[in-house]
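Q: My structure is below; once you've seen it, I'll send some questions.
The values are calculated or read from the model by the stated rules, or taken from the named source; none is laboratory data. Keep in mind it's a predicted model, so treat the numbers as computed, not measured. Here the Cβ is made from the backbone with ideal geometry for all residues, glycine too, and neighbour counts use every protein chain on show. Surface areas here come from the heavy atoms of the whole protein model, side chains and all, with no ligands, DNA or RNA. Shrake-Rupley method; radii C 1.70, N 1.55, O 1.52, S 1.80 Å.
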Amino acid sequence: MSESLLARLDPTKRVLKRAQYEAFEFSLFGGDVLVRNASHAEPENHEYNVRIVDGIPTACECPADEKYTGPCKHRVAVAIRRPILDAVEQMQMVADGGVVTNEQPKTGVEDDATPDDCDCEMLDNDFPCWACVESGRRELPN
């Protein structure tokens, strides 16, 4: 449980308690979390999408999240389950084209090696030639 995340959300004691003891089920989809409250007799009528932005449950489709100040129990239920947030973060990275790894990619090119067909001298300093980008010597600016 991330205390700093809970501090940022600042749920009421009642909401925090309910987020802990109700029988929530979680499904990941589209970089967000579908939260189903299996504590209800008809759980399929109690499913809400929780939006995750930068590792924080920022919004929920439930009526309580819109009506009341502070986070709803669905947002808090996701926030107190770190493995769910970690899985969402990895899904979002992959969906954005990122690669989940702790290692730096090895290009096999020395930093001072210049490709034979380098045209960087003729270009703006912030924009490399294709030969340098392709060899891994320089990156395209964002």
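Q: May I ask you to list pairs of residues, at least six apart or on different chains, whose Cβ atoms are under 7 Å apart, with the first in the stretch 59-86 being open to solvent by 40 Å² or more (accessible area, probe 1.4 Å) and the second being of a type in the set (S, T, N, Q)?
A: Glu61/Asn49; Arg82/Ser2
Q: Look through the stretch 13-44, keep the residues that are among the hydroxyl-bearing types (Ser, Thr, Tyr) and not in a loop (DSSP other than H, G, I, E, B), and return whichever of them is nearest to the chain's Cα centre (by Cα).
A: That would be Ser27.
Q: Let me ask something else about it. Take the residues in the stretch 87-102 that are part of a helix (DSSP H, G or I) and open to solvent by 30 Å² or more (accessible area, probe 1.4 Å), then tell me which one is modelled with the highest pLDDT.
A: This residue is Ala87.
Q: Looking at Glu110, Glu139, which is the one that is modelled with pLDDT under 70, open to solvent by 70 Å² or more (accessible area, probe 1.4 Å), farther than 27 Å from Leu9 by Cβ and part of a loop (DSSP other than H, G, I, E, B)?
A: Result of the check over Glu110, Glu139: Glu110.
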